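To start, the structure under review is shown below, and the notes come after it.
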Amino acid sequence: DWEWLFRVGSWGTIFLELSAVLLWTRWRRHWALVGATMHVGIFLTMGLGMFSLGMLSFYPILLLRRETGDASPSG
């Protein structure tokens, strides 16, 4: 019985999506690691084809962008 795992994963996904405002803070890299982990889990368990691989291609931008004092998304 794995229903509990999918229920926890569903609420975790909602939490991650609602916390996307963290992309404009110093917590961006932590958020990106959690998001990448979520998409690896989706890839391994749900078989949605290229969806997770496409989403994973976004995370290096968040992880490798250097920190600046500017609060703008382009900083």
Being of a type in the set (Ser, Thr, Tyr) and surrounded by 13 or more Cβ atoms within 10 Å (Cβ to Cβ) is the filter here, so list the residues in the stretch 12-29 that pass it. THR13, SER19
Check on GLY9, open to solvent by less than 80 Å² (accessible area, probe 1.4 Å), at pLDDT 85 or above and on the phi > 0 side of the Ramachandran plot: no
Six or more apart or on different chains, Cβ atoms under 8 Å: show the pairs whose first residue is in the stretch 21-45 and within 19 Å of SER57 (Cβ to Cβ) and whose second is small (Gly, Ala, Ser) and exposed (fewer than 13 other Cβ atoms within 10 Å of the Cβ). TRP31/ALA20
For ARG66, which of the numbered conditions (1) in contact with a helix residue (DSSP H, G or I) (Cβ under 6 Å, 6 or more places away or on another chain); (2) at pLDDT below 85 fails to hold? (1)
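The values are calculated or read from the model by the stated rules, or taken from the named source; none is laboratory data. Because the structure is a prediction, the values reported are computed rather than measured. Here Cβ is always computed from backbone atoms with ideal geometry, including for glycine, and neighbour counts include all displayed protein chains. Accessible surface is based on the protein model in full, side chains and every heavy atom, while ligands, DNA and RNA are left aside. Shrake-Rupley method; radii C 1.70, N 1.55, O 1.52, S 1.80 Å.
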